[in-house]
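Reading through the structure tokens given below for one structure.
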Amino acid sequence: RLSLCPEHFIEFIEKRFKKTIHKVKALREVNKVVVAVSGGKDSVTLLHLMHKVSKELGFKIIGLTIDLGIGEYSIKSVNKAIKNYEMLGTSYEIVDLKKEYGFSIDDIARYRKRAGIRKPICSVCGTIKRYIMNKLALDIGADAIVTGHNLDDIVYYIFSTLYTGRIKDLAKISIYTPSKYKLVAKVKPLAYISEKETLLYVLLRRLPFNYGVCPYAKLRTFHEQIRKTSNMLEEKIPGLKITYAKMFLEKINPIIYSHYVREEKLKECKVCGMPTTSEICGFCKLRSAMGKVLKND
Ligand code: SF4
Ligand code: ZN
């Protein structure tokens, strides 16, 4: 409900970000943190805020950008991410999915059915991103990975897991996921900052970002409906999203987590050595299925 001038809006966002960072006690003891940067408004905001905080708390940040191979969208996204890294003088890694692993998200969209992949494109994309982020963080000995999931993402996760009754997934929604076995800790420091606010932040600070939308985003119709509905509710009840997310993350989640989340036994994937609950990890299965289809094409 606040009306702020540009200068104080920027200050307000930075304060809220720091407050969330300070809530994650584990971030006070880290040396190296991977910042996932797609080049869009959320991750660009994240990079600049993490850069500031890293100087204050005395840890090193390394940017990670994955070139997913989604036509023009990926080209623009990677370029914008690099511009921001150079602006800040941050070290970074670009992982090209096609060059490194032989397939792109566009290949998945084209050959998914032939490869016997039943999951939707965005769900496959999520598996790929999580795998690459964790692999890089392990390779360079990072203590945590921070991602640009914002308030609207959190509200969507809570709503969709409740809607479909996925209680275990609901219980796992949190700002901080501690590390275990070969899984590096994950943090979502933008959890209390909305996408409208990240957009304003990058515009007011004149930061370069890709304002384009991924062409596969339009396939997520349920996601879009929830987004529109929660924005409508927010207009009628200002502050609804942040209250909803805060109440869930800070009051409800700790209770249901202890009831519904059991430690899964992780082991090394027989192909790549990364952590998995089965013999071969999801990423290696995907890679093998895509490899066969692309070889026969
Ligand atoms: Fe990946 Fe879907 Fe996001 Fe596109 S919209 S980048 S396919 S998760
Ligand atoms: Zn594997």
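Looking at S160, S104, just one residue is in contact with a Phe, Trp or Tyr (Cβ under 8 Å, 6 or more places away or on another chain), polar (S, T, N, Q) and either touching a residue at least 24 places away in the same chain (Cβ under 8 Å) or closer than 30 Å to N296 by Cα (or both), and that residue is S160.
Pairs meeting the criteria (first residue in the stretch 286-297 and without any contact (Cβ under 8 Å) to a residue 40 or more places away in the chain, second residue in a loop (DSSP other than H, G, I, E, B) and among the basic types (K, R), beta carbons under 9 Å, at least 6 apart or on different chains) are N296/R114.
Listed by first and then second residue, the pairs linking a residue in the stretch 66-84 that is in contact (Cβ under 8 Å) with a residue 60 or more places away in the chain and closer than 20 Å to V202 by Cβ to a residue that is among the aromatic types (F, W, Y) and not in a helix (DSSP H, G or I), with Cβ atoms under 6 Å apart and 6 or more places separating them unless they lie on different chains, are K80/F209.
Among the residues of the stretch 41-67, just one is in a loop (DSSP other than H, G, I, E, B) and open to solvent by 20 Å² or more (accessible area, probe 1.4 Å), namely G58.
Which one is surrounded by the fewest Cβ atoms within 10 Å (Cβ to Cβ) among residues in the stretch 264-297 that are within 16 Å of ligand 1 (Cβ to nearest atom) and within 23 Å of K172 (Cβ to Cβ)? Per the criteria, the residue is G282.
Does T177 satisfy the condition of being in contact with a strand residue (DSSP E or B) (Cβ under 9 Å, 6 or more places away or on another chain), at pLDDT below 95 and more than 16 Å from ligand 2 (Cβ to nearest atom)?
Yes: the conditions hold for T177.
Sort through I145, I132 and tell me the only one that's more than 16 Å from ligand 2 (Cβ to nearest atom), of a type in the set (A, V, I, L, M, F, W, C) and modelled with pLDDT of 95 or more. Selected residue: I145, the only one of I145, I132 that is more than 16 Å from ligand 2 (Cβ to nearest atom), of a type in the set (A, V, I, L, M, F, W, C) and modelled with pLDDT of 95 or more.
Residue-by-condition table, conditions (1) closer than 15 Å to L190 by Cβ; (2) over 14 Å from the mean Cα position of the chain (by Cα); (3) not hydroxyl-bearing (S, T, Y):
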| site | (1), (2), (3) |
| --- | --- |
| K52 | yes, yes, yes |
| K55 | no, yes, yes |
| G58 | no, yes, yes |
| T65 | no, no, no |
| S74 | no, yes, no |
| V78 | no, yes, yes |
| I82 | no, yes, yes |
| E86 | no, yes, yes |
| I94 | no, yes, yes |
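Inspection of the stretch 21-29 identifies no residue that is in contact (Cβ under 8 Å) with a residue 60 or more places away in the chain and closer than 19 Å to L203 by Cα. A single entry from K251, K246 fulfils the requirement of being open to solvent by less than 70 Å² (accessible area, probe 1.4 Å) and away from ligand 2 (no atom under 16 Å from the Cβ): K246.
State whether one or more residues within the stretch 92-107 are modelled with pLDDT of 95 or more, in contact with a His (Cβ under 8 Å, 6 or more places away or on another chain) and open to solvent by 20 Å² or more (accessible area, probe 1.4 Å). Scanning the stretch 92-107, I find no residue that is modelled with pLDDT of 95 or more, in contact with a His (Cβ under 8 Å, 6 or more places away or on another chain) and open to solvent by 20 Å² or more (accessible area, probe 1.4 Å), so the answer is no. Answer yes if at least one residue in the stretch 267-287 is outside any helix (DSSP H, G or I) and away from ligand 2 (no atom under 16 Å from the Cβ), and no otherwise. No, the stretch 267-287 has no match at all. Looking across the stretch 245-271, just one residue is under 27 Å from A109 (Cα atoms) and either touching a residue at least 40 places away in the same chain (Cβ under 8 Å) or in contact with a strand residue (DSSP E or B) (Cβ under 6 Å, 6 or more places away or on another chain) (or both), and that is C269.
The values are calculated or read from the model by the stated rules, or taken from the named source; none is laboratory data. Here the structure is a predicted model, which is why all the values come from computation and not from measurement. FYI the Cβ positions are ideal-geometry reconstructions off the backbone, even for glycines, and counts take in every protein chain you see. Ligands, DNA and RNA are stripped out before the accessible areas are found, and what is left, the full protein with its side chains, is counted by its heavy atoms. Shrake-Rupley method; radii C 1.70, N 1.55, O 1.52, S 1.80 Å.
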